[in-house]
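Since the structure comes first, as structure tokens, the remarks are kept for the end.
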Amino acid sequence: MKTLFLDYPRLLVLAIGVLIAAGVGSLLTTPRLEDPRITNRNAIVVTPYPGADAERVEALVTEPIEDALRGQAAIKTITSTSRAGVSVINIELQDAVTDAAPIFSELRDDVNAVASRLPPDAGTPELDDDRGYAYTYIGGLRWTGDTPPNYRVLKRFAEDLQDRLRNVGGTDIVRVYGAPGEQIDVTIDLETIATANLSLADVANALATADAKASAGSLDGGATGLTVEVDGQFRSTDRIGRIPLVADETGGMRLADVATITRSTQDPPTMIARINGLPGIAVGSRQLPNLRVDVWAANTRAVVEEFRAELPQGIELQTLFDQSTYTETRLSELAGNLKIGLMIVFVVLLITMGWRSAIIVGAALPLTALMALASFQILGVQIHQMSVTGIIVALGLMVDNAIVMSNGIRADVQDGMDRRDAVARNVGRFAIPLLASTITTVIAFMPIVLMPGPAGEFVGPISLAVISSLISSYAIAMTIVPALAGLLSPKDTPAPSRWKHGVVIPSLTNGFAWTLDQSLRRPVVSIMAAFCLPVLGFIGATTLSEQFFPPADRDQFHIELFTPQQSSIYGTKAVADALDQELRAIDGILETSWFVGGSAPTFYYNLMGGQDRNPSYAQAMITTDGWERT
């Protein structure tokens, strides 16, 4: 087995072909994302309570829901905000939770159970556990006409786009932001109802009792049963106008006789969207994590272009965010860094070891990288900036095993040993030492893999990529490298040549030999000197600023605007509009999108939102002409 590939060169070629096919196949099929997908451990519970002040919301809505949630041991923190008319509760689970879906399902049951104990005027509490991931595509519909914006028309087109995006294969969720709800306005003529001896309370009571939503009973026919429903639900303004107020033999008085009934948009709205200074509605779509973002984005763009061609004059669709462009750019840069790293390693090997060793070790590098990519499917690692960075980090470690193996075989062959015996001897001699060095390095990276919580899930793929590269490097060094070294090593010692042996600097060689001699003669001094560098490193580290990650090289940033709590949504919008004018006048800013009354659609992995139904809050998504400008 030690000389299998040397004895059967065709098997060696087959093994290399299989590695190339497996690596390239994994490269083409493994999901590609911009950043690692972190387990969502955050949820939000929103409960509307129209007409109630903050203290009443806190006492009657927020506290009962919080008490119901505290029974779940997996919850890390609960933070709540009680504002006039709404209760917002943010939930964060423990870092040790890896499957949050069952826990959120239990919490949803707890919230539904407490809903019956809330005041009758309070709305139904809704638990949303689907906000932990950034959208893959965000589009914005803008009203570009000269007339005042017709939000009902904009909403209809936004919902149409939402339905089309849902039908794209691999789509996880699609949501609409900034679309106002609809309402029916009933304007009463007070003089008319006064002549009929009616009051506003009488009209309101007639409205409340005329909308038949519940079953009127059932009929039992023995073998069959039928549910009886009154055909009187409010489905149009005409139906509302026919509500009887006074009945007599002449037909009486109906609501349409004393009121004007119109359909309009909700006023005030819960959210207002402003896209590049114009009224609009945003639609966010997110892909499933097990897909290539470039493939999904191409299908989504085709649907968007088809939809854009059907829009009427006065409505424009803009792409506010497309994650695939950032993913492709970042992965292309990392791939370029990987190629440059491979070239640097090959050139260094060529200069220091000669062309034969450079070819052997240089061939082992891409094979090791392809084998590591093939293992991503087994390990469940996706291709993103963290995993590719891990392969780049491992470049310097990949060559060690191959260098040791190829040098040992070359030396034995030049000493007169048979090629087959040299390969068998060195494979047997270095198998355990190289395995030990590989395992110790793997163990050094294991704490990052085992790190709990979001931080571990984000940086863990770096360590997994390094570990898979190290294991792949050991496997290549024990199989393919010995065969290549046995085939390419010259039988006779060649004449001194820089191309064959690499560059030799006698003074540098003699100086290195002298340091080794001195180290062996004075072991205590050598050990103390060896400890000086890490000690100096620890001392120097205390003078550096701490930062988990460097700033993102991205052409986007966001702004959060907090106005006084008593501000209305229109007051906050006025401040946001004034700020938007200032921003759009700055050189380098290309697009500004404001979302007043709530959080913007998430366009980066660390933006969590959670400002639902907050009229005093606004968030902007700003796009510049480059990350340097940002």
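The values are calculated or read from the model by the stated rules, or taken from the named source; none is laboratory data. All of these numbers come straight from a predicted model, not from anything done at the bench. Virtual Cβ from ideal backbone geometry, glycine too; neighbours counted across all protein chains shown. Note: areas computed on protein heavy atoms with side chains; ligands, DNA, RNA excluded. Shrake-Rupley method; radii C 1.70, N 1.55, O 1.52, S 1.80 Å.
Quick notes on this structure:
- In segment 535-630, trypsin sites (Lys or Arg not before Pro) in a DSSP loop with at most 12 other beta-carbon atoms within 10 Å: Arg629
- Carbon-plus-sulfur accessible fraction, the chain (probe radius 1.4 Å, protein heavy atoms only): 59%.
- Rounded tilt (10° steps) of 523-541 against the dominant C-alpha axis of the chain: 20 degrees
- Between segment 157-197 and segment 54-98, the Cα center-to-center distance that results, in Å: 29 Å
- Here Phe562 sits with roughly 130 square angstrom of accessible surface, probe radius 1.4 Å.
- Inverting the pair-averaged 1/r between distinct Cα atoms of segment 1-108 gives 18.5 Å as its Kirkwood hydrodynamic radius.
- Neighbourhood charge, 11 Å Cβ-Cβ cut-off, centred on Ser387 and excluding it, Lys, Arg +1 and Asp, Glu -1: 0
- Label of the coordinate-derived value, Cα extents along the principal axes in Å, listed as (1) 124, 67, 54; (2) 87, 72, 61; (3) 83, 51, 47: (1)
- Segment 113-217: trypsin sites (Lys or Arg not before Pro) in DSSP coil with no more than 15 other Cβ atoms inside 10 Å: Arg117, Lys213
- Count of lysine pairs in the chain with Cα separation under 25 Å (8 or more residues apart, or interchain): 4
- A simple count of charges around Tyr8, restricted to other residues whose Cβ falls under 15 Å of its Cβ and scoring Lys, Arg +1 and Asp, Glu -1, yields +3.
- Alpha-carbon centroids, segment 331-405 and segment 1-44: separation in whole Å: 13 Å
- Helical content alone sets the calculated 222 nm signal of the chain at -16500 deg cm²/dmol, taking -39,500 (n - 2.57) per DSSP H segment of four or more residues and averaging over every residue.
- Given a 1.4 Å probe and the protein chains as shown, Leu470 ends up with an accessible area of around 10 Å².
- With Cα atoms, 0 to 90° folded angle of helix 569-584 axis to the chain main axis: 40 degrees
- Solvent-accessible area per residue for the chain (1.4 angstrom probe, square angstrom): 52 Å²
- With Cα atoms, 0 to 90° folded angle of helix 419-449 axis to the chain main axis: 30 degrees
- With DNA, RNA and ligands ignored, accessible area of Ile432 (1.4 Å probe; Å², nearest 10): 120 Å²
- Of the GluC sites (Glu not before Pro) found in segment 271-341, those in coil by DSSP whose Cβ has at most 11 other Cβ atoms within 10 Å are Glu310.
- Rounded if a/c under 1.5, otherwise prolate or oblate - segment 55-186, Cα gyration tensor axes: oblate
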